[in-house]
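Beneath this line is the structure, given in structure tokens, with notes to follow.
Derivation of every value follows stated rules applied to the coordinates shown; laboratory data play no part. Keep in mind that this is a model prediction, so the values were computed, not measured. Heads up, the Cβs are rebuilt from the backbone with ideal geometry, glycines too, and the neighbour counts pull from every protein chain shown.
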């Protein structure tokens, strides 16, 4: 069975999504993860959820959701990276340190001159 990704919607969970998340977690025999969540809806029906802070996903076990969970996980990782860059502006503004340049050939010390008697 193939699913058209045009019908798939990603969005951040709001306070009014709590009941839907609890139903999804019950289907998945798990708990609703704490913290901010990224939701995946297929034709308006909640089929997967991934915590933005990282952790295990919650998904409908009766639907083919592995591709959706992967997309949600990828987007959550992107959002975490953006938040980390925003959280540390001093590191972002710091100059890039480059490694010291290495010589192409090892330095050779000259041999002492020999005098023939």
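Go through 37-46, 62-71, 9-18 and give me the packing order, highest mean Cβ count within 10 Å leading.
Taking the mean over residues of other Cβ atoms within 10 Å, the ranking is 37-46, 62-71, 9-18.
So what are region 1-81's ellipsoid semi-axes, whole angstrom, largest first, if each one is the square root of 5 times an eigenvalue of the alpha-carbon gyration tensor?
17, 15, 12
Obtain the nm distance between the two label points defined at residue 77 and residue 62 by a simple spin-label model: each point lies 7 Å from its Cα along the Cα-to-C-beta direction.
If labels sit at residue 77 and residue 62, their model points lie 3.2 nm apart.
Counting other beta carbons within 10 Å of each residue's own, what order do 31, 75 fall into, fewest first?
31, 75
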